[in-house]
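Report on the structure given below.
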Amino acid sequence: MKRIVLFLLLVYSVKLYAQNPIIRNQFTADPSARVFNGKIYVYPSHDIPVPEGKNLRKDWFCMEDYHVFSSDNLVDWVDHGVILTQYQIPWVDSTTYSMWAPDCVERNGKYYFYFPAISKDIDSITGRKLFRIGVAISDKPEGPFIPQPEPIKGVVGIDPCVFIDKDGQAYLYWSLGKIYVAKLKENMLELDSEPVVIENLPKKGLIEGPWVFERNGIYYLTFPHVENEIERLEYAIGYHPLGPFKMAGVIMDESPMKCWTNHHSIIEYKGQWYLFYHQNHFSPRFDKNRSVCIDSLFFNQDGTIRKIIPTERGVGITYASTKIEIDRYSLISEKGAEIAFNDTNDTFKGWKVVLNEKNAWVQYNSVNFESNNYNEIILYVYSQKGAFLKIFLDKIDNKPIAEINVPPSSNWRILRATISKVKAGTYNLIVLNSEVATAEVDWISFNKKK
């Protein structure tokens with residue numbers, strides 16, 4: 001039965017529509033993003049609740065498998081299902097649920113998936129089981145992946161990152177209190193040099209999760225680091241994959257949600273750079289259940305990275321005909337507007353905007369009206385006492401494209417209203433409450449003429 005279930009998990013795929021967080025059907029963390037065949041593939045770890053009857057810490061990370069997700073527009077994500085579980089790997093102690101941050105690279109038509117886990121062997125000095133790094137191989141980026149029978153020899157640690165330089169040499173980076181690097185052989189399964197510790201990095205506080213990339217001849221070593229109480233994303237720069245590296249700054253400050261960890265990747269896609277990271281959006285009271293997010297990343301002229309402030313809106317263009325979740329806002333009024341869970345008992349049902357004062361508003365950027373044929377707005381809305389909403393494009397000073405009377409109700413309802421003609425283009429959508437009574441909005445969409 002277990003094999004049948006595993007097979008079904010391996011072959012199914014689910015389409016997800018998301019802003020931040022980008023994955024809305026499960027907890028995901030430690031995203032390794034890669035561009036393969038013109039698409040972005042994200043290989044995260046998968047946080048799950050501690051199974052009943054297992055001798056595991058209730059307040060710690062619990063992970064037994066990996067999914068992979070793909071997108072060609074940064075908005076619509078396909079869940080390709082489980083690509084690897086702890087039960088498939090001979091050397092892994094499957095009672096530990098320790099399938100932590102992975103990575104994946106392509107070489108010569110094969111896809112190499114690197115992952116850490118606690119092994120069955122015990123360290124002769126400490127008497128403890130060790131974190132090892134294994135490799136699984138596939139002919140396709142979405143798997144299924146076949147694990148190698150043994151982990152990489154000579155490596156003890158977590159958070160693998162593989163970087164292939166322009167000359168074809170591959171390097172493996174990992175962490176265990178410090179950040180290490182070694183060359184990989186052509187087969188991508190064995191070290192081709194002795195591991196060395198990367199110097200000139202912070203000595204104080206936890207440092208882990210290396211991610212390395214190159215841009216305009218500069219090699220960026222990026223990593224989470226606990227400078228104060230929780231992790232922030234920092235980076236060092238050098239001119240060779242082995243360094244030396246020099247500390248250059250902070251990419252993202254500590255999480256406003258107080259998530260103890262942050263783990264990331266950085267890629268370029270269609271001329272724009274992006275930061276993939278995680279926060280605990282769906283689990284505000286337990287930061288070991290995390291969710292992957294994306295924000296745009298920019299460089300200064302000297303090659304340094306501009307600090308990123310995490311957003312709800314995320315990235316990508318949202319089509320007017322889809323459900324626009326305006327709670328994933330770009331801007332929001334300082335007074336009278338807030339975001340709340342739709343269902344505090346099931347946070348995966350997402351959020352709503354609560355406009356509880358007159359002239360409170362929320363703005364959602366980059367909505368694509370790809371034609372001139374839109375003539376109707378649809379809202380999923382609730383107001384106990386009744387409200388009146390105005391919809392604007394780009395500026396509140398503009399003439400509203402729709403005005404919606406929200407009747408008093410004890411239940412959520414779908415309302416429809418005619419909109420004025422909108423020229424094809426990409427706009428910023430603004431929803432304003434023009435009455436004193438509170439209005440709650442879950443999502444908005446637009447219909448074309450039939």
Check your understanding: Measuring from centroid to centroid over Cα atoms, what is the spacing of the stretch 62-133 and the stretch 373-450 in Å?
Key -> 45 Å
Review point. Quick one: helix 2-11 against the long Cα principal axis of the chain, what's the angle to the nearest 10°, folded into 0 to 90?
Key: 60 degrees
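Hey, got the dipole for the chain? About the Cα centre, +1 on K and R Cβ, -1 on D and E Cβ, debye to the nearest 20?
1020 debye
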Exercise for review: Find how many whole Å separate the alpha carbon centroid of the stretch 183-213 from the alpha carbon centroid of the stretch 264-285.
Suggested key: 22 Å
Check your understanding: Pick from N359, N368, N411: which residue has the top mean-square fluctuation in a GNM of the chain where Cα pairs under 10 Å get a spring?
Key -> N411
Check your understanding: Highest GNM mean-square fluctuation, the chain, Cα pairs closer than 10 Å: which of D79, D327, D192?
Key -> D192
Check your understanding: Where the Cα atoms of the stretch 1-158 are projected onto their three principal axes, how long is each span, largest first, in whole Å?
Key -> 50, 39, 32
Review point. Of P241, P256, P147, which is the most mobile in a GNM of the chain whose springs link Cα atoms less than 10 angstrom apart?
Key: P256
Check your understanding: For the stretch 129-224, which trypsin sites (Lys or Arg not before Pro) are both in a DSSP coil and crowded by at most 12 other Cβ atoms within 10 Å?
Key -> K153, K166, K185, K203, K204
Review point. Over the stretch 159-205, one equal point on each Cα, no solvent: what is log10 I(q)/I(0) by the Debye formula at q = 0.19, 0.23, 0.26, 0.29 Å⁻¹?
Key: -0.60, -0.81, -0.96, -1.10
Exercise for review: Mind putting a number on the dipole of the stretch 292-441 about its Cα centre? Charges go on the C-beta only, +1 for Lys and Arg and -1 for Asp and Glu, and I need it in Debye to the nearest 20.
Suggested key: 300 debye
Point to revise | Rg ratio (alpha-carbon, reference 2.2 N^0.38 Å) - the stretch 325-410 | key: 1.16
Study note, to complete from the structure: Among [x] 0.98; [y] 0.94; [z] 1.06, the value of Cα Rg over 2.2 N^0.38 Å computed for this structure carries the label [z]
Review point. Which lysines, on any chain, are close to K178 with Cα under 28 Å apart, when same-chain ones fewer than 8 places away are left out?
Key: K58, K120, K129, K153, K166, K203, K204, K246, K258, K288, K307
Revision key, fill the gap. Charge dipole of the chain built from unit charges on the beta carbon (Lys, Arg +1; Asp, Glu -1), centred at mean Cα; most positive-end Cα among W91, S32, F115 is S32
Exercise for review: Express as a percent, rounded to the nearest 5, the fraction of DSSP beta bridges in the stretch 318-448 (both residues included) that run antiparallel.
Suggested key: 95 percent
Review point. Given only helices, namely DSSP H runs of n ≥ 4 each adding -39500 (n - 2.57), what is the per-residue ellipticity at 222 nm of the chain, to the nearest 500 deg cm²/dmol?
Key: -500 deg cm²/dmol
Check your understanding: Using the count of nearby Cβ atoms within 10 Å as a rough guide to exposure, how do F369, F223 rank from fewest to most?
Key -> F369, F223
Practice item. Work out the length of the dipole vector of the stretch 83-154 about its Cα centre, built from +1 on the beta-carbon of each Lys and Arg and -1 on the beta-carbon of each Asp and Glu, and round it to the nearest 20 debye. Key: 120 debye
Exercise for review: Using +1 at the Cβ of each Lys and Arg and -1 at the Cβ of each Asp and Glu in the chain, identify which of N356, S434, A136 lies farthest towards the dipole's positive end.
Suggested key: S434
Practice item. Select from G209, P195, S409 the residue farthest towards the positive end of the dipole of the chain; place +1 on Cβ of Lys and Arg, -1 on Cβ of Asp and Glu, and compute about the Cα centre. Key: S409
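Read-outs throughout are calculated quantities, based only on the coordinates presented, and are distinct from any laboratory measurement. What you see is a predicted model; the values in this text were computed from it and never measured. Cβ coordinates were reconstructed from backbone atoms using ideal geometry, including for glycine residues, and neighbour counts include every protein chain displayed.
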